[in-house]
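Below: one structure, written as structure tokens.
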Amino acid sequence: MSVLARNLDDEPGPKRLDDGLDPNRGDFLAQAEPYRRELLAHCYRMTGSLHDAEDLVQETFLRAWKSYDRFEGKSSVRTWLHRIATNTCLTSLEGRQRRPLPTGLGAPSSQPTAELVERAEVPWLEPLPDSSTDDPADPSVIVGSRESVRLAFIAALQHLSPRQRAVLVLRDVLQWKAAEVAGAVGTSVAAVNSLLQRARAQLDAVGPSQDDQLSPPESVEAREQLAGYISAFEDYDIERLVEMFTAEAIWEMPPFDGWYQGGPAIGALIHHNCPANASGDMRLLPLTANGQPAAAMYMRLPETGGRHVPFQLHVLDLGPDGISHVVAFLDTTLFTKFGLPEAL
């Protein structure tokens, strides 16, 4: 039984009405469950947090179930659920800090040999696991879906106010009409157009370049690059790693607030701060996250009795010139969210 099903069992009130709609658990879940994954992506775009997005989808389903008897079918179930999810996110975001990456804090790049500074109090951006069940027939849908959850795009969204974020996501990602967005967020069409104009301008200033030519994770080029990246780490071959980065490549690893630019700086950082000492200390599993190539790093430490345990989750920007960006997340609770093993 799902968590939602258990929660619905605890809800007071009738499970069936006499108006022709059937709000019992089975009927509601049959209507709503197909949209769970895209609602998760929607809440993730709004919050930048996988953990929060999962909670907000659950809250969305509970709110929708409670009001299912009043759903008149004037819009699709999908649109209705996204409206509820949007307002659930807006309520949740009231008074909350934005979720940055280290590059978004405004500080210059750090020296690779300097002491690492952990900022546990910062609510850092989190990655989103890709679903192996998502298989749209239209290739353009696949590309659009990936671009709308790319880490650079999600980080840029964090510079917008929650209402700007909601309007931009509903208009530019979900392709809603201005009147539909106005009804969803409780404002006028004129206000929606104003919010959208300001949001687009701000996103242009801080967002990813449209000229970025990133390799899709299933491409031969990306697979070969990711395999080389994994092999270099597992062999503890820092020189080979350095050669894989572009001249302006960026490395960042929340919750540490520093970021590092260029292959030599990244190599020096790994050499001075990585707990690995030799080939075999690290093992990496390939995966995808945020529509990008990614890898889960496991580290063999003295205190783990020789076992490789979760250490970092890497999300990579790969292109024809090499690796241009790596975000190495040190939050090991993400391994469970990605369905990864507890140890190797």
Accessible area of VAL206, 1.4 Å probe, to the nearest 10 Å²?
70
Trypsin sites (Lys or Arg not before Pro) restricted to the range 160-208 and DSSP loop, no more than 15 other C-beta within 10 Å
LYS177
With at most 11 neighbouring Cβ atoms within 10 Å, loop GluC sites (Glu not before Pro) (DSSP) excluded, longest segment of the chain
219-341
Positive-pole candidate from VAL242, GLN213, MET253, dipole of the range 200-270, charges at beta carbon:
MET253
Hydropathy at least 0.0 by Kyte-Doolittle, axial extent at least 20 angstrom from the Cα trace: which helices of the chain, defined as entire DSSP H runs, fit?
77-93, 189-206
Only one of the listed values, (1) 1.00; (2) 0.97; (3) 1.08, was derived from the coordinates as Rg/Rh (Cα atoms, Kirkwood Rh); which label is it?
(1)
Heavy-atom accessible surface of the chain: percent carbon and sulfur, 1.4 Å:
49
Distant-in-sequence amide H partners of LEU128 (H built 1.01 Å from N, under 5 Å)
ASN290
Structure-based [θ]222 nm, the chain - -39500 (n - 2.57) summed over DSSP H runs of at least 4, per residue, nearest 500
-13000 deg cm²/dmol
In whole Hz, what ³J(HN,Hα) sequence does the range 163-175 give by Karplus (6.51, -1.76, 1.60; θ = phi - 60°), x for Gly and Pro?
5, 4, 4, 4, 5, 5, 5, 5, 7, 8, 9, 7, 6
For the range 290-338 and the range 244-265, distance of Cα centres in Å:
15
If every Lys and Arg gets +1 and every Asp and Glu gets -1 at its Cβ, then about the Cα centre the chain yields a dipole, in debye to the nearest 20, of 1160
Selection from SER188, PRO275, PRO293 lying farthest towards where the dipole of the chain points positive, charges on Cβ:
SER188
Inter-site label distance for PHE71 and GLU33 at 7 Å from Cα along Cβ, in nm
1.4
Could you sort the peptides 61-71, 275-285 by per-residue average Cβ neighbour count (10 Å cutoff), highest mean leading?
61-71, 275-285
How far apart, in nanometres, would the label points at SER219 and THR187 be if each is projected 7 angstrom from Cα along the Cα-to-Cβ direction?
3.7
With the dipole of the chain defined by +1 on each Lys or Arg Cβ and -1 on each Asp or Glu Cβ, the option from THR304, HIS82, GLY319 whose Cα lies farthest towards the positive pole is HIS82
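What length, rounded to one decimal in nm, is gained on full extension from ASP237 through to THR333, with 0.36 nm per residue of separation minus their alpha-carbon distance?
Length gained, ASP237 through THR333: 31.8 nm.
The values are calculated or read from the model by the stated rules, or taken from the named source; none is laboratory data. Computed from a predicted structure; not experimentally measured. Cβ atoms come from the backbone with ideal geometry, glycine included; neighbour counts cover every protein chain shown. Side chains included, ligands, DNA and RNA excluded: accessible areas come from the protein's heavy atoms. Shrake-Rupley method; radii C 1.70, N 1.55, O 1.52, S 1.80 Å.
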